[in-house]
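K.L.:
The structure is given below, and queries will be raised subsequently.
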Amino acid sequence: MAKVLVFANHKGGSGKTTTSVHTAFALGDRGFRVLLVDLDSQAHATLYAGMLPYKVSRGIFEALCAFVEDGVVMKEVIHKSFCFDLLPSSEELGGFEAKFSSFPRREAIVKNFLLEVEKEYHFVLIDTPPSLGLLTLNALVSGDFLIIPVKVDFLSLAGLAQMMRTLYRVNAYFNPELRLLGVVPTMYDGRTRVAKEVVRQLQENFGKEKVFLPIRQDVRLMESPSFGQVVFQYAPHSRGAQDYQAFVEEVLQRIGENG
């Protein structure tokens, strides 16, 4: 069975998509079979992985509709991207909540679908929307491990409490197996007092063992998507590439994978 990693933070601009895409690439590059599921109607992970969302005629939304309504598993919607597989998104996914909000067991639609495809993978990674709606709930119900990317500013800290309350509710009512793998500080500038203070508070609140090493600010990370590449390809010796390689090594250690 695949290990399902969910990248979630209800606050936008946290580095969630960048982290999920680079984790998928780094795991795939290590020889793991990886599926990245873009569960955000903004489709940033889809775009980052090289697909134009407006050209996605059938993606995650169409696959979920076919599964719920007809019991059909549309594996053909899964595409190869870099060294991992991608289940792409489009703006059509924005209709998920309206379509399925009254559906029985609506919080487990994604989980039940993934049970039909995850046998082929070592890891399934889910990139979630910047909200705590039905799509994010579906992702959390599907997951084994939760990773919370956090931009190192004090406004981001304020939103973490809400994210943790959501985790506790999911544990209590829907998925007791979901475990917080850790919080990853992103866009870290060690020259600033605020960045150091935010990391200190994260370690104080969560414990050092639950806080990953920070992902440093790096212009190469910002540039790489415009060249259709991840930072490992675009600038393999950059700070961003080094930090995400170290992050993935730590992820593998925490979940007990030797690679």
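The values are calculated or read from the model by the stated rules, or taken from the named source; none is laboratory data. Since this is a predicted model, take the numbers as computed values, not measurements. Neighbour counts run over all protein chains shown; Cβ positions are idealised from the backbone, glycine included.
K.L.:
If you check every pair at least six apart or on different chains, which have Cβ atoms under 8 Å apart with a residue in the range 143-155 that is on the phi < 0 side of the Ramachandran plot and assigned to a strand (DSSP E or B) first and a residue that is among the charged types (D, E, K, R) and buried (at least 24 other Cβ atoms within 10 Å of the Cβ) second?
P.N.:
Close Cβ pairs (under 8 Å, with a partner that is among the charged types (D, E, K, R) and buried (at least 24 other Cβ atoms within 10 Å of the Cβ)) amount to P149/K16.
K.L.:
Quickly run through the range 227-245 and pick out the residues that are of a type outside the set (S, T, N, Q), modelled with pLDDT of 95 or more and in a helix (DSSP H, G or I). Before you say what the answer is, go through the steps one by one.
P.N.:
Within the range 227-245, the first condition is being of a type outside the set (S, T, N, Q), and the residues that meet it are 227-228, 230-232, 234-237, 239-241, 243-244.
Those left that are additionally modelled with pLDDT of 95 or more: 230-232, 234-237, 239-241, 243-244.
The answer is V231, F232, Y234, R239, G240, A241, D243, Y244.
K.L.:
Among strands (runs of 3 or more DSSP E) lying entirely in the range 1-102, which contain 1 or more residues that are crowded, with 19+ Cβ neighbours inside 10 Å and in contact with a Pro (Cβ under 7 Å, 6 or more places away or on another chain)? Step through it out loud before you land on a result.
P.N.:
Details: elements: 3-7, 34-38, 79-81, 84-87.
Once the strands (runs of 3 or more DSSP E) in the range 1-102 are filtered for at least 1 residues that are crowded, with 19+ Cβ neighbours inside 10 Å and in contact with a Pro (Cβ under 7 Å, 6 or more places away or on another chain), what remains is 3-7, 34-38.
K.L.:
One residue is enough: does the range 167-178 have a residue meeting the conditions under 19 Å from F25 (Cα atoms) and modelled with pLDDT of 95 or more?
P.N.:
Filtering the range 167-178 down to residues under 19 Å from F25 (Cα atoms) leaves none.
Taking every residue of the range 167-178 in turn, none turns out to be under 19 Å from F25 (Cα atoms) and modelled with pLDDT of 95 or more.
K.L.:
Hey, among F25, F32, F7, which residue is touching a His at 6+ places or on another chain (Cβ under 7 Å) and within 22 Å of E249 (Cβ to Cβ)?
P.N.:
On the way: F25 fails: touching a His at 6+ places or on another chain (Cβ under 7 Å); F7 fails: touching a His at 6+ places or on another chain (Cβ under 7 Å).
One residue alone meets the criteria, F32.
K.L.:
If you go through the range 164-201 one residue at a time, how many are farther than 23 Å from R105 by Cα and more than 20 Å from the chain's Cα centre (by Cα)? Let's see the steps before the verdict.
P.N.:
First, pick out the residues of the range 164-201 that are farther than 23 Å from R105 by Cα: 180-201.
Next, from what is left, pick out any that are more than 20 Å from the chain's Cα centre (by Cα): 189-201.
Total meeting the criteria: 13.
K.L.:
Being assigned to a loop (DSSP other than H, G, I, E, B), surrounded by 13 or more Cβ atoms within 10 Å (Cβ to Cβ) and at positive phi is the filter here; which residues of the range 175-226 pass it?
P.N.:
Of everything in the range 175-226, just one residue is assigned to a loop (DSSP other than H, G, I, E, B), surrounded by 13 or more Cβ atoms within 10 Å (Cβ to Cβ) and at positive phi, namely M187.
K.L.:
Within the range 131-154, take every residue that is of a type in the set (D, E, K, R) and within 14 Å of F7 (Cβ to Cβ) and give me the one that is surrounded by the fewest Cβ atoms within 10 Å (Cβ to Cβ). Step through it out loud before you land on a result.
P.N.:
Within the range 131-154, the first condition is being of a type in the set (D, E, K, R), and the residues that meet it are 144, 151, 153.
Now narrow it down to the ones that are within 14 Å of F7 (Cβ to Cβ): 144, 151.
On the way: D144: 18, K151: 22.
If we take residues in the range 131-154 being of a type in the set (D, E, K, R) and within 14 Å of F7 (Cβ to Cβ), then D144 is surrounded by the fewest Cβ atoms within 10 Å (Cβ to Cβ).
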